[in-house]
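Enquirer: The following block contains the structure, expressed as structure tokens.
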Amino acid sequence: MKKYIIQSIRLTLVLIVLLCILYPLSIALAGKFSKGNGDGEKITKNGKVVGYALLGQSFTSPEYFWGRPSAVGYNAAGSAGSNKGPSNEDYLKSVSDRIDTLLKYNPTIKKADIPADMVTASGSGLDPNISEQGAIIQIKRIAAIRKIDERKITELVVKHTDGPFLGLFGPSSINVLKLNIALDELK
Amino acid sequence: MNTELLGIIATFLITLAIAVPLGKYLAKVFAGEKVWTDFLKPLENGIYKLSGINTKEQMNWKQHLKALLTINLLWLVYGFFVLIFQDKLPFNPDGNPGMTPDLAFNTIISFVANCNLQHYSGESGVSYLTQQFVLMFLQFVSAATGIAAAVVLFKAFRDKTTTALGNFWEFFVRSITRLLLPLSIVVALILTFNGTPASYEGKDQFISMQGDTVNVSRGPAAQLIAIKHLGTNGGGYFGANSAHPFENPSYFTNVVELVAQVIIPMAMVIAFGYFIRRRKLGWTIFGVMTIGLFLLLIPMLSSELGGNPALAKMGIAQTTGAMEGKEVRFGPAASAYWSTVTTIISTGSVNSMHDSTMPMSGTWQLLGMMINAFYGGCGVGLLNYFIYLIIAVFISGLMVGRTPEFLGHKVEAREIKIAAIITLLSPFLILVGTAISSYIFTNYGDAAWAVQPKAWLNNPGFHGFSEMLYEMTSSNANNGSGFEGLGDNNIFWNLSTGILIFLGRFLPIIGPIAIAGLLASKKFIPESAGTLKTDTKTFALMTFAVILVLNALSYFPALALGPLAEYFTMLK
């Protein structure tokens, strides 16, 4: 028994050096050569950091494309989903309120145009994406407020739609932050 | 065919394409045959030398268990104290506090046991030191413990009659040097170069386009995320686990993480067949497990792709499926596939929030964890399946009126008793645990705990019951995922699930190894015309029936009170 205890202690120490120091440090070192240097890729606008490419942020003003509802208000230091069950009455009420809000700000659309992702909270609370349909229903509103031709904005949406991976696998999506930066540059 | 379904088919095929050769490779590694990674021998010899280990020393099954339990106990003590004192230790750039003793108790058992149930949140509950020197460390060694335990079982059935079952330390170290570490390096690099942070920078702050000040948690995440999947651990770096855009940046990384968590459990089954020179048996087991996967996956896909009927009534478009708790970049299909594999193989990482999935999906998630043997966790999945096998051998033996045999060894009363105890253990722990928690919720709602029992549940009614049932099931199965709405960081849940995880980990390791050790020491009976063959389709069906009947009998009432009841009320 005593032999096993001593072997356990020594083996643990050796493995800590290998697995907790050498392994993570070498990955961190390699990460220096990645986009964002392993710290997370930042997005700048006019030389100022306005966010991280992968992290969604809150857009509530009508002249921007909105992202998805977030259970944590896009808090990037406390990610979480709503964890609301599908039959929860309070939850269904909040979805119904979100539908009303969308209809109010986008009076030209119908209920059946609204995709589920625009009225449901994401798993992380930081979803950077919306579906293509989620952007399309907002085009008219933004065009009216910004007094820009609708077609121009539609083109922008199409340009910013990332298709399935390799054109074959998974859903299409739009990065809301990048789309809104491009929108501001549109004059 | 739509691109979302195509995506999961491709993921499954890639998994197979890697797991099969990996299985053959593992059989060779553990048999000590020549493999291309033998250039790592000097590293291993160095480890043995520094640790005072002589790998020539053969152990019997009891010695194996002694070594396994000793080192696991050591990790429990070591980790517990680091977690409590993390605020006073270095590498805590975000200034996170030390854990309370009950939370540390839960967390350390959870990570030693390969469960990775998390009652803390990664961003605010642990320091960088804890993430790397305790949590990530345990993700490596707990997976290696499971694999080494399974290899003891391999050894027991390779030779005719033997008590010498190899050296535990050798199996354990090789699991790390030949398998977990190299694969982790590959996966961690892929993640890093696709956007996952890997450096030691602390929190960042920026002003968003709308002028909000946003704090961003970062840190050495890629390293941990790699082993969290390869080792079927599942404990995430960030609170939202693999739904977090840093933890799982794109559809591509999602495929990588999905493949990473399944390849070793799959490969272990194939390795078993090759190692004991009964490939057909290996493939038969593999077949049963794969059918199990699809039987759970297909209904889960259909319920998620169908969307939430309550939202459909509101008149919105759910073209791709249910989206609450899901990320747009993965979509419902890849999320449903993830939910299935993460529950059957005990990873317990999530890329969507299970609490918000449809009631029928919840049923399949629970059932996957209750069965816990379709591929199963690293090494331990096979051990769990072995118990079902022994029960199936016993029942078949009774049916044809002969003494049951498995691979040339008589299965007698002692082995069956052990198997029966292990089989009954899970329903006992899960159901009693859920019953006690329900009792406290209803009768002691005002107890002055960190989270008052009346505030435990995030959802009313049947779904609330499911939250408690899920937590207990996940703990016992060493899965670690949760219906995360549950307010679980308080003394009741920390202690109760801690105990469940501990028993649910070590008894199902001790039981199968004891049975295998006992069988291996018995006289070998050569196969004859009267031998019950365990590698036939009939026997596969028999095992499947045993799995189904045992679990249905044990859990149907509980499932009926939770997700099934919710499903039927939603039909109205």
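For every residue, the table says whether it meets (1) in the same structural domain as A:Ile174 (by TED's automatic domain parsing); (2) in contact (Cβ under 8 Å) with a residue 12 or more places away in the chain; (3) farther than 30 Å from B:Met59 by Cβ; (4) surrounded by 21 or more Cβ atoms within 10 Å (Cβ to Cβ).
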{"site": "A:Ile27", "(1), (2), (3), (4)": "no, no, yes, yes"}
{"site": "A:Ala30", "(1), (2), (3), (4)": "no, no, yes, no"}
{"site": "A:Tyr52", "(1), (2), (3), (4)": "yes, yes, yes, yes"}
{"site": "A:Leu55", "(1), (2), (3), (4)": "yes, yes, yes, yes"}
{"site": "A:Thr60", "(1), (2), (3), (4)": "yes, no, yes, no"}
{"site": "A:Glu63", "(1), (2), (3), (4)": "yes, yes, yes, no"}
{"site": "A:Arg68", "(1), (2), (3), (4)": "yes, yes, yes, yes"}
{"site": "A:Gly73", "(1), (2), (3), (4)": "yes, yes, yes, no"}
{"site": "A:Pro86", "(1), (2), (3), (4)": "yes, no, yes, yes"}
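The rows are residues; the columns are (1) in contact with a Lys or Arg (Cβ under 9 Å, 6 or more places away or on another chain); (2) assigned to a helix (DSSP H, G or I); (3) modelled with pLDDT under 95; (4) surrounded by fewer than 22 Cβ atoms within 10 Å (Cβ to Cβ).
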position	(1), (2), (3), (4)
B:Ile440	no, yes, no, yes
B:Leu469	no, yes, no, no
B:Glu484	no, no, yes, no
B:Gly487	no, no, yes, yes
B:Trp493	no, yes, no, no
B:Gly498	no, yes, no, no
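Enquirer: Here is a further query. Identify all residues within region A:88-99 that are closer than 13 Å to B:Met314 by Cα and within 7 Å of chain B (Cβ to nearest Cβ); write none if there are none.
Expert: Residues satisfying the conditions are A:Leu92, A:Val95, A:Ser96, A:Ile99.
Enquirer: Given the structure, is B:Phe171 more than 10 Å from every other protein chain (Cβ to nearest Cβ), surrounded by fewer than 19 Cβ atoms within 10 Å (Cβ to Cβ), in contact with a helix residue (DSSP H, G or I) (Cβ under 9 Å, 6 or more places away or on another chain) and modelled with pLDDT of 95 or more?
Expert: Values: more than 10 Å from every other protein chain (Cβ to nearest Cβ): yes; surrounded by fewer than 19 Cβ atoms within 10 Å (Cβ to Cβ): no; in contact with a helix residue (DSSP H, G or I) (Cβ under 9 Å, 6 or more places away or on another chain): yes; modelled with pLDDT of 95 or more: yes.
So B:Phe171 does not fit the description; no.
Enquirer: Going through region B:47-62 one residue at a time, which ones are under 12 Å from A:Tyr4 (Cα atoms), surrounded by 17 or more Cβ atoms within 10 Å (Cβ to Cβ) and among the polar types (S, T, N, Q)?
Expert: B:Ser51, the sole residue that qualifies.
Enquirer: Something else about it: I want to confirm something. Restricting to region A:140-166 and keeping residues that are touching a helix residue (DSSP H, G or I) at 6+ places or on another chain (Cβ under 8 Å) and within 12 Å of chain B (Cβ to nearest Cβ), which single residue is nearest to A:Tyr64 (Cα to Cα)?
Expert: Filtering first and then ranking leaves A:Thr161.
Enquirer: Let me ask another. Of everything in region B:136-167 that's in a loop (DSSP other than H, G, I, E, B) and away from chain A (no Cβ under 12 Å), which residue is surrounded by the most Cβ atoms within 10 Å (Cβ to Cβ)?
Expert: Residues of region B:136-167 in a loop (DSSP other than H, G, I, E, B): B:159-167.
Cutting the leftovers down to away from chain A (no Cβ under 12 Å) gives us B:159-166.
Details: B:Asp159: 13, B:Lys160: 14, B:Thr161: 12, B:Thr162: 17, B:Thr163: 15, B:Ala164: 12, B:Leu165: 27, B:Gly166: 23.
Checked region B:136-167; the qualifying residue surrounded by the most Cβ atoms within 10 Å (Cβ to Cβ) is B:Leu165.
Enquirer: Write out, first by first residue and then by second, each pair whose Cβ atoms fall under 8 Å of each other, whose residues are 6+ apart or on separate chains, and whose first residue, in region B:68-96, is free of Cβ contacts under 8 Å to residues at least 12 places away in the same chain and within 11 Å of another protein chain (Cβ to nearest Cβ) while the second is part of a loop (DSSP other than H, G, I, E, B) and not hydroxyl-bearing (Ser, Thr, Tyr).
Expert: Matching pairs, first to second residue: B:Thr70/A:Met1.
Enquirer: Let me ask you something else. Could we say that B:Phe465 is in a helix (DSSP H, G or I), modelled with pLDDT of 95 or more, of a type in the set (A, V, I, L, M, F, W, C) and under 20 Å from the mean Cα position of the chain (by Cα) here?
Expert: On the way: in a helix (DSSP H, G or I): yes; modelled with pLDDT of 95 or more: yes; of a type in the set (A, V, I, L, M, F, W, C): yes; under 20 Å from the mean Cα position of the chain (by Cα): no.
Here the answer is no, as B:Phe465 does not meet what is asked.
Enquirer: Kindly check whether there is at least one residue in region B:16-39 that is among the aromatic types (Phe, Trp, Tyr) and closer than 30 Å to B:Gly306 by Cα. Break it down stepwise before answering.
Expert: Kept after step one, since they are among the aromatic types (Phe, Trp, Tyr), are these residues of region B:16-39: B:25, B:30, B:36, B:39.
Subset that is closer than 30 Å to B:Gly306 by Cα: none.
No, there is no match, as no residue in region B:16-39 is among the aromatic types (Phe, Trp, Tyr) and closer than 30 Å to B:Gly306 by Cα.
Enquirer: Do the conditions hold for B:Met289, that is, is it farther than 18 Å from B:Ser335 by Cα, more than 9 Å from chain A (Cβ to nearest Cβ) and either of a type outside the set (Val, Ile, Thr) or surrounded by fewer than 23 Cβ atoms within 10 Å (Cβ to Cβ) (or both)?
Expert: On the way: farther than 18 Å from B:Ser335 by Cα: yes; more than 9 Å from chain A (Cβ to nearest Cβ): yes; either of a type outside the set (Val, Ile, Thr) or surrounded by fewer than 23 Cβ atoms within 10 Å (Cβ to Cβ) (or both): yes.
For B:Met289, the condition - farther than 18 Å from B:Ser335 by Cα, more than 9 Å from chain A (Cβ to nearest Cβ) and either of a type outside the set (Val, Ile, Thr) or surrounded by fewer than 23 Cβ atoms within 10 Å (Cβ to Cβ) (or both) - is met.
Enquirer: Scan region A:103-121 for residues that are crowded, with 16+ Cβ neighbours inside 10 Å, among the hydrophobic types (A, V, I, L, M, F, W, C) and at the interface with chain B (Cβ under 7 Å from one of its Cβ atoms) and report the count.
Expert: Residues flagged as crowded, with 16+ Cβ neighbours inside 10 Å, among the hydrophobic types (A, V, I, L, M, F, W, C) and at the interface with chain B (Cβ under 7 Å from one of its Cβ atoms) within region A:103-121 amount to 4.
Enquirer: Taking the residues in region A:22-45 that are under 22 Å from B:Gly79 (Cα atoms) and within 32 Å of the chain's Cα centre (by Cα) as candidates, determine which candidate is nearest to the other protein chains (Cβ to nearest Cβ). Spell out how you get there, then give the answer.
Expert: Residues of region A:22-45 that are under 22 Å from B:Gly79 (Cα atoms), as a first pass: A:22-25.
If we keep only those that are within 32 Å of the chain's Cα centre (by Cα) too, we end up with A:23-25.
Numbers: A:Tyr23: 6, A:Pro24: 4, A:Leu25: 9 Å.
Looking at residues that are under 22 Å from B:Gly79 (Cα atoms) and within 32 Å of the chain's Cα centre (by Cα), I get A:Pro24.
The values are calculated or read from the model by the stated rules, or taken from the named source; none is laboratory data. Computed from a predicted model, the values in this text were never measured in an experiment. A quick note on method: Cβ atoms are made from the backbone with ideal geometry, for glycine too, and the neighbour counts reach across all protein chains shown.
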